[in-house]
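Inspection log for the structure reproduced underneath, given as structure tokens.
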Amino acid sequence: MQQKPIEILVTNDDGYSAKGINFLADILSRYGNVTVVAPKEVQSGMSAALSMGKPIRMERVSHRVCGNGNRVTVYSLTGTPVDCVKMAMNKCFLAGGSETLTQDEWIHERGYAPHVIFSGINHGSNASVASLYSGTLGAAAEGAIYGVKAVGLSINTHDPNPDFTQIEEYLVEIIGKAIKYPVGEGVYLNINFPAIAKEQIKGIRMATQGNGMWIKEFEQRKDPHGRDYYWMTGNFKNNETGRETIADHILMDEGYITVVPHRVDTTCRETLARIQEDWNL
């Protein structure tokens with residue numbers, strides 16, 4: 001009996017027409033049916049933002065059946081990356097949930113959920129503190145909330161036309177492992193690729209979220225009427241200096257592909273008891 005292909009959901013924050021998401025969808029079609037639900041326009045830096053108080057429109061852009069029989073269906077959405085995941089789960093996979101059923105029960109009752117969610121490939125690094133602002137990772141976190149394995153993928157260049165073939169071999173390896181192995185409840189993966197030649201990539205490393213921040217974040221300009229306005233720019237300040245580290249942005253600069261597990265639950269448990277004692281709670 002032929003095994004049923006797995007279902008894969010793909011989204012991003014660069015928009016459905018970006019090169020990164022289309023390269024990723026083509027590779028994922030080797031593994032199963034691919035449903036792409038991605039923003040109609042660029043939604044970078046949206047993190048976990050939702051579209052509230054305004055209508056959202058979803059349009060099917062294309063549908064094709066690959067040579068192996070797997071399908072690739074692409075939808076554009078007038079919303080954020082998190083909107084895309086929510087819409088896909090509710091409308092494409094009919095797994096939107098029920099107030100009276102557990103997570104596993106409503107997936108089985110309402111329809112089916114994707115086996116895995118991939119968000120990306122983002123044009124630009126999401127290492128270090130960028131992970132907090134990232135719409136790419138906001139979508140991955142939303143997948144983890146739904147109980148689905150979720151992976152955010154980014155490459156360290158804002159070039160709209162990078163050579164993704166340089167990372168293809170490693171990407172295929174990562175996809176295979178992400179599909180095969182569980183990551184844990186409420187966990188999603190943040191994977192960053194250096195934008196260098198294949199021969200220069202040193203391998204794949206587990207990493208931690210790097211300690212850094214953006215400084216000098218706004219450039220002041222004047223409009224034709226002489227009024228001030230500001231353009232977000234900024235320089236990245238590395239706070240990992242002077243100690244050994246496995247910070248993602250450091251390892252990526254050294255030529256490694258980095259894998260950082262993130263949690264939806266951001267509670268700082270090691271601080272709970274101390275604050276409880278200090279505050280006499």
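A few remarks follow.
- Residue match in the stretch 46-57 (condition: surrounded by 18 or more Cβ atoms within 10 Å (Cβ to Cβ) and either touching a His at 6+ places or on another chain (Cβ under 8 Å) or part of a strand (DSSP E or B) (or both)): no
- Scanning the stretch 60-87 for residues that are within 27 Å of Asn126 (Cβ to Cβ) and either charged (D, E, K, R) or crowded, with 18+ Cβ neighbours inside 10 Å (or both) yields a count of 14.
- Meets criteria (over 23 Å from Ser119 (Cα atoms), touching a residue at least 60 places away in the same chain (Cβ under 8 Å) and not assigned by TED's automatic domain parsing to the domain that holds Thr157) for Phe236: yes
- The one condition from (1) farther than 26 Å from His123 by Cα; (2) assigned by TED's automatic domain parsing to the domain that holds Glu169 that Trp279 does not meet is (2).
- Where His63 falls short, out of the listed (1) of a type outside the set (A, V, I, L, M); (2) farther than 15 Å from Val82 by Cα; (3) touching a Gly at 6+ places or on another chain (Cβ under 7 Å): (3)
- One residue stands out in the stretch 144-166 among those that are farther than 18 Å from Leu28 by Cβ and of a type in the set (D, E, K, R): the one that is surrounded by the most Cβ atoms within 10 Å (Cβ to Cβ), namely Asp163.
- Hits in the stretch 112-143 (condition: outside any strand (DSSP E or B) and either surrounded by fewer than 24 Cβ atoms within 10 Å (Cβ to Cβ) or at pLDDT below 95 (or both)): Tyr112, Ala113, Pro114, His115, Gly124, Val129, Leu132, Tyr133
- Condition check for Thr266 on (1) within 21 Å of the chain's Cα centre (by Cα); (2) assigned to a strand (DSSP E or B); (3) surrounded by fewer than 13 Cβ atoms within 10 Å (Cβ to Cβ): one failure, at (2).
- Boolean, Asp83 is modelled with pLDDT of 95 or more, assigned by TED's automatic domain parsing to the domain that holds Ala140 and within 24 Å of Leu132 (Cβ to Cβ): yes
- Reported count of residues in the stretch 170-203, each being assigned to a strand (DSSP E or B) and buried (at least 16 other Cβ atoms within 10 Å of the Cβ), is 7.
The values are calculated or read from the model by the stated rules, or taken from the named source; none is laboratory data. The shown structure was predicted, so the numbers you read here are calculated from the model rather than taken from an experiment. A quick note on method: Cβ atoms are made from the backbone with ideal geometry, for glycine too, and the neighbour counts reach across all protein chains shown.
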